[in-house]
Amino acid sequence: MSQTDGVPPATVFVDADNTLWDTDRVFAEAQLGLLSGVEAATGTPCPVSDRLGYVRAIDQAIAARHHSGLRYPAKLLIKATALALSGKGAVEAARASRLGTAPSHLPASSEEEIEALYWRALKAVPVLRPGVMAGLSALQDAGCAVLIVSEAARGKVETVIGATGLEGHFTRVIEGQKRPELYRRVLRLARLPKRAFMIGDQLDRDIAPAKAAGLATIYFPGGFRPEWTPDAAEVGPDFTITDFSEAARIIVASPDA
Ligand SMILES: [Mg+2]
């Protein structure tokens, strides 16, 4: 390990889903598969060419009103998609599915089959986002501590680390809610450099709380942004990047370079 002259090593917190790897694409593929399954079961084709936009509009309409948000049960999306294909608008289909106020357009066996395929598709190994391998190696070479902080179960994050070839790049994997206290507590308890950064794809969940804890923040926007999230201008990340290796350059760069 070599440290860049004149630049103190840093503690780098990194979000996992959609920052290190493209979880969103796995969801997109699963949702497109679900749409195909419902089309086949109902015999009704999707009426628009933007198939992902079609199923996502229904997904967002359910999530916006469901108490579990985006973690609502998959069966609701299957039922709502069948209702939408029968002619209802996304919001109306989502509402009828959520409240159970419309008769199902699918036999239970089809629903189960589509749901099983959907869960299987969600287990696919995600691809790494651009520059992740190079950026993590550069951070490691510079002597930085790199800690994953994710609300997903640690075992799940570790499985993806193994499947994507990222083992050995992280000091720790922390499972927890990304509140300002979490960053403060980790920096206080562990023997970590006090110069600290957070890299994440979500302004509200990654950037704002890290900023409140006094960390420098690096926003790495992904493809999908739920419609209820705030603007970058509102949250004000310190840096915005389009490739993960840019984050390493920002963190490792000599102050007078
Ligand atoms: Mg994320």
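Outside the structural domain of ASP238 (by TED's automatic domain parsing) and not hydrophobic (A, V, I, L, M, F, W, C): which single residue out of TYR183, TYR118 fits that description?
Step by step, each of TYR183, TYR118 is checked, and only TYR118 is outside the structural domain of ASP238 (by TED's automatic domain parsing) and not hydrophobic (A, V, I, L, M, F, W, C).
Which condition from (1) more than 13 Å from the ligand (Cβ to nearest atom); (2) assigned to a helix (DSSP H, G or I); (3) at pLDDT 95 or above is the one that LEU166 breaks?
It is condition (2) that LEU166 fails.
Report every pair of residues separated by at least 6 positions or lying on different chains whose Cβ atoms are under 8 Å apart, first residue within the stretch 237-252 and touching a residue at least 40 places away in the same chain (Cβ under 8 Å), second buried (at least 18 other Cβ atoms within 10 Å of the Cβ) and among the basic types (Lys, Arg).
The qualifying pairs are PHE244/ARG129.
Residues checked against (1) crowded, with 21+ Cβ neighbours inside 10 Å; (2) among the hydroxyl-bearing types (Ser, Thr, Tyr); (3) away from the ligand (no atom under 16 Å from the Cβ); (4) assigned to a helix (DSSP H, G or I):
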{"position": "VAL149", "(1), (2), (3), (4)": "yes, no, no, no"}
{"position": "GLY155", "(1), (2), (3), (4)": "no, no, yes, yes"}
{"position": "ILE161", "(1), (2), (3), (4)": "no, no, no, yes"}
{"position": "LYS178", "(1), (2), (3), (4)": "yes, no, no, no"}
{"position": "ARG184", "(1), (2), (3), (4)": "no, no, yes, yes"}
{"position": "LEU192", "(1), (2), (3), (4)": "no, no, yes, no"}
{"position": "THR217", "(1), (2), (3), (4)": "yes, yes, no, no"}
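Just wondering, is there one or more residues in the stretch 106-118 that are modelled with pLDDT of 95 or more, closer than 30 Å to PHE244 by Cβ and outside any loop (DSSP other than H, G, I, E, B)?
yes
So is LEU122 in contact with a Leu (Cβ under 8 Å, 6 or more places away or on another chain) and either in contact (Cβ under 8 Å) with a residue 40 or more places away in the chain or exposed (fewer than 14 other Cβ atoms within 10 Å of the Cβ) (or both) or not?
No; evaluated as a whole, the condition is false for this residue.
Please state which of the following conditions LYS156 fails to meet, knowing it meets all the rest: (1) at pLDDT 95 or above; (2) over 14 Å from ALA248 (Cβ atoms).
Single failed check for LYS156: (1).
The values are calculated or read from the model by the stated rules, or taken from the named source; none is laboratory data. Treat the numbers as computed from the prediction; the structure is a model and nothing was measured. No Cβ is skipped: glycine too gets one built from the backbone with ideal geometry, and neighbour counts run over all protein chains shown.
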